[in-house]
């Protein structure tokens, strides 16, 4: 009798161990799958985005053949984008040295006249919303930005008023910068990395921090 009970106990332990192993395996697969999907939707990958310096764009935004991750990304953010063949929107949450943008710092966005019919640069908070400020300044466009004689421009992000093209950041905390090019000369199509690298986009340089 003791032998039978002992054998049954051993079998039960074996079954429990196998079930536990499978449960752990399935849990890891689910966690890994959910984590990977979240990353692909939030950040993207080399298959869905292109990076130029600190700027990133979703290459199939607004297109009928957009992949599921691109569709999910913009569905979650609630934004409606024009097709990337008509307009390209680039976003940056880090400066040109890879440091996170924050309202406690002063930044200079410097570049040449962009190869597009029209463009805009907008500063946002970390939620992607406009930053409320007494000056009611939120963006500069190719029509409103002050340009130097050599055709270059500089937009300053700072809490306090600055001369020239100043965009207030108040006490927003984390920052994002959005840049839209309407009818750009270089169109990113498919997996063309070369065309993405040819686009000359502004640098984002940290000047000082408090």
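Quick look at the values:
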item	result
Residue under evaluation residue 147, criteria (1) without any contact (Cβ under 8 Å) to a residue 12 or more places away in the chain; (2) farther than 15 Å from residue 107 by Cβ, criterion not met	(1)
Test set (1) surrounded by fewer than 17 Cβ atoms within 10 Å (Cβ to Cβ); (2) under 18 Å from residue 175 (Cα atoms); (3) touching a residue at least 60 places away in the same chain (Cβ under 8 Å) - residue 103 fails condition number	(1)
Enumeration of residues in segment 122-147 that are within 15 Å of residue 159 (Cα to Cα) and surrounded by fewer than 11 Cβ atoms within 10 Å (Cβ to Cβ)	134, 135, 136
Residue within segment 154-175 that is at pLDDT below 95, loosely packed, with under 13 Cβ neighbours inside 10 Å and under 21 Å from residue 51 (Cβ atoms) present	no
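The values are calculated or read from the model by the stated rules, or taken from the named source; none is laboratory data. Since the structure is predicted, the reported quantities are computational estimates derived from the model, not experimental observations. Here the Cβ is made from the backbone with ideal geometry for all residues, glycine too, and neighbour counts use every protein chain on show.
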